[in-house]
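Chemist: Structure below; questions to follow.
Just so you know, all these numbers are worked out from the coordinates, no wet-lab data involved. Quantities reported herein were computed from a predicted structural model and do not represent experimental measurements. Glycine also receives a Cβ, built like all others from the backbone with ideal geometry; neighbour counts cover every protein chain displayed.
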Amino acid sequence: MTDQGEEPIDLSDPELEKAATKIQATFKGFKARKEIREGEGEGSPGQKQEEVRVLVLCLNESLIRKSSISRLTINFSRFLHVLSLLFLFFLFMFDQKEECDRKTKEASG
């Protein structure tokens, strides 16, 4: 707990990341709409089209980044699943070897 009686924020919480992304997207959208409203009547149509094109490119880049993170998370999850199956397989094989060794000792002794 901090001096003010609040618990510290867990920065690794996925819900925190989602909330931060949503806040950032909302603010960027607000800023873009404000700039477009303030820019009405100023500049040429070509300039406004260029601004819209840049905004679309930024949005696409953001979506690609989020998609890459999702794929990385899914691939890592699959990796952990395979790793856990291998671990269980080796545990099983180790138990079988111990059982075989125990039966061999019983038979010989």
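Chemist: FRET efficiency for Phe79 and Ala20, Cβ-Cβ distance as r, R0 = 22 Å, nearest 0.05? If you can, show how the numbers build up before the last one.
Modeler: Working: r = 26 Å, r/R0 = 1.20.
FRET efficiency, Phe79 to Ala20: 0.25.
Chemist: Once phi is turned into ³J(HN,Hα) by the Karplus curve 6.51 cos²θ - 1.76 cosθ + 1.60 with θ = phi - 60°, what whole-Hz value does each residue of segment 7-14 show in order, with x for glycine and proline?
Modeler: My calculation for segment 7-14 gives 7, x, 7, 7, 6, 8, 5, x Hz in order.
Chemist: Sequence neighbours fewer than 8 away in the same chain don't count; with that in mind, list the lysines whose C-alpha is under 20 Å from Lys34.
Modeler: Qualifying lysines at Cα under 20 Å: Lys22, Lys48.
Chemist: Now for a different question. Between Leu63 and Leu88, what is the FRET efficiency for a Förster distance of 41 Å, r being their Cβ-Cβ separation, to the nearest 0.05? All intermediate terms of the calculation are to be shown ahead of the outcome.
Modeler: Values: r = 38 Å, r/R0 = 0.92.
Given R0 = 41 Å and the Cβ-Cβ separation, E is 0.60.
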